[in-house]
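K.L.:
I'd like to ask you about the structure that follows.
No lab work stands behind these numbers, since they all come straight from the coordinates. These figures come from a predicted structure and were not determined experimentally. Here the Cβ positions follow ideal geometry from the backbone for every residue, glycine too, while neighbour counts run over all protein chains shown.
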Amino acid sequence: MWSIHPTGTPSAPRLHRITWPWGRNPLLRSSDRLQAVLRILAALVILGAVPVSCSFGTALYTQGVAQIKAGNAAQTAVTGTLEADPADAVSSTAARGSGVVVDEDWHAPVVWIRDGKQDSATVTVPATARRGGQVQVWLGSDGRPSAGPLPTSAAAFRGIGSGVALLAVVVTAVVFATWGVDRLLDWRRSVRWEAEWRLVDRNGTVMP
């Protein structure tokens, strides 16, 4: 017998037993049980993907930090001398009537001496720099100007972004797969219902 609540509905423990996918409720069809089990598995996969995504992001962060430190260690700072006043490439574009306002980058030819050898290049310099002034120039392992040392926080963005992206891919795949199976099972139930109703119409009886 069912345990009936005063409101006329089964009590919570009883309702839980009759609706649980492997319960003994005869009204539960095999497709209903399969659907419930698949949803439980989908939830478990998503929950399991959380620590996996965190581990993946942490591994990429650790790798990124090591790469940044190695890249920074290979760079060298030298003092360069400006051979001309800085020029703003944006100002020449604006002068032609583009009307576009953007951040201005000032560049100037700079010469430096490293290990007794003189070299030069056009690099980004402060807008207040002037010809004959000195600026710091970062050189890469190839001896050419580089962007300078990177902060290790750049690796954090990479790690967090990769972990979140992996989790999003897993969740999206699981949700769409579950949705597809649900639609397939709903379609099969609909086809079965139509077949059963046609059988009822032919027999002229009403199903209990």
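K.L.:
Label 7 Å along Cα→Cβ of S55; region 151-188 residues with amide nitrogen under 16 Å?
P.N.:
163-164, 166-167
K.L.:
About the Cα centre, and with charges only on the beta carbon of Lys, Arg (+1) and Asp, Glu (-1), how big is the dipole of region 109-208? Nearest 20 debye, please.
P.N.:
260 debye
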